[in-house]
1. Kindly list, by first and then second residue, each pair from a residue in the stretch 81-95 that is open to solvent by less than 20 Å² (accessible area, probe 1.4 Å) to a residue that is acidic (Asp, Glu), limited to pairs with Cβ atoms under 8 Å and residues at least 6 apart or on different chains.
2. Looking at the stretch 66-80, I want the residues that are of a type in the set (S, T, N, Q) and open to solvent by 10 Å² or more (accessible area, probe 1.4 Å) and have a partner that is outside any strand (DSSP E or B) and modelled with pLDDT under 95 with Cβ atoms under 8 Å, at least 6 apart or on another chain. Which pairs are those?
3. Failed condition for Ile107, given (1) at pLDDT 85 or above; (2) more than 18 Å from the chain's Cα centre (by Cα); (3) surrounded by 10 or more Cβ atoms within 10 Å (Cβ to Cβ), with all others met?
4. Go through the stretch 14-49 residue by residue and tally those that are of a type in the set (D, E, K, R) and either open to solvent by 70 Å² or more (accessible area, probe 1.4 Å) or farther than 29 Å from Ser72 by Cβ (or both).
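The values are calculated or read from the model by the stated rules, or taken from the named source; none is laboratory data. Just so it is clear, the model here is predicted, and its values are computed rather than measured. Methodologically, a virtual Cβ is constructed for each residue, glycine included, from the backbone with ideal geometry; neighbour enumeration extends over all protein chains shown. Only protein heavy atoms, including side chains, enter the accessible area calculation; ligands, DNA and RNA are left aside. Shrake-Rupley method; radii C 1.70, N 1.55, O 1.52, S 1.80 Å.
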Amino acid sequence: ANVVQVSADKSENLIGQTHTLKFKVTDAAGHPAKGALVDFDTMYANPFYVGNISPQAALTDAFGEVTVNLLSAEPGTQRVTATVQTITGPATAMATKYWVALDEVYIMADSPVGLRTTPATPMSGAPA
């Protein structure tokens, strides 16, 4: 069997938002492995690794695909593994997720009335 990540790897999400990863399991002939048990795990070997996963394990669908939800309440890196046990040993794929915090708020030109979007410098001839 073989496990590969189908969704984008090394993407960024804001903390507090759920992100879904998708993996695909195929048999030795390359066909989708329906009903294969996939175990998910988050690695914590690095002090900057963060995040939680749900579910801890799931069965693949008719297309050999399975999903896991990721969530983090703090910025950092999340590494997730998806593992399938085979006769010859485990087959594992790893995914990386970057969790970021919103640290700047930008005021756009079409901001609601009352928000100043430019410096408070009077123009020539205009009242201060």
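1. Close Cβ pairs satisfying both conditions: Ala82/Asp39; Val84/Asp39; Ala95/Asp9.
2. So the pair list comes out as Asn69/Thr18; Thr77/Asn46; Thr77/Phe48; Thr77/Val50.
3. So the condition that Ile107 fails would be (1).
4. Taking the stretch 14-49 first, the residues of a type in the set (D, E, K, R) are 22, 24, 27, 34, 39, 41.
Among the residues that remain, those that are also either open to solvent by 70 Å² or more (accessible area, probe 1.4 Å) or farther than 29 Å from Ser72 by Cβ (or both) are: 22, 27, 34, 41.
Summing the residues that are of a type in the set (D, E, K, R) and either open to solvent by 70 Å² or more (accessible area, probe 1.4 Å) or farther than 29 Å from Ser72 by Cβ (or both) in the stretch 14-49 gives 4.
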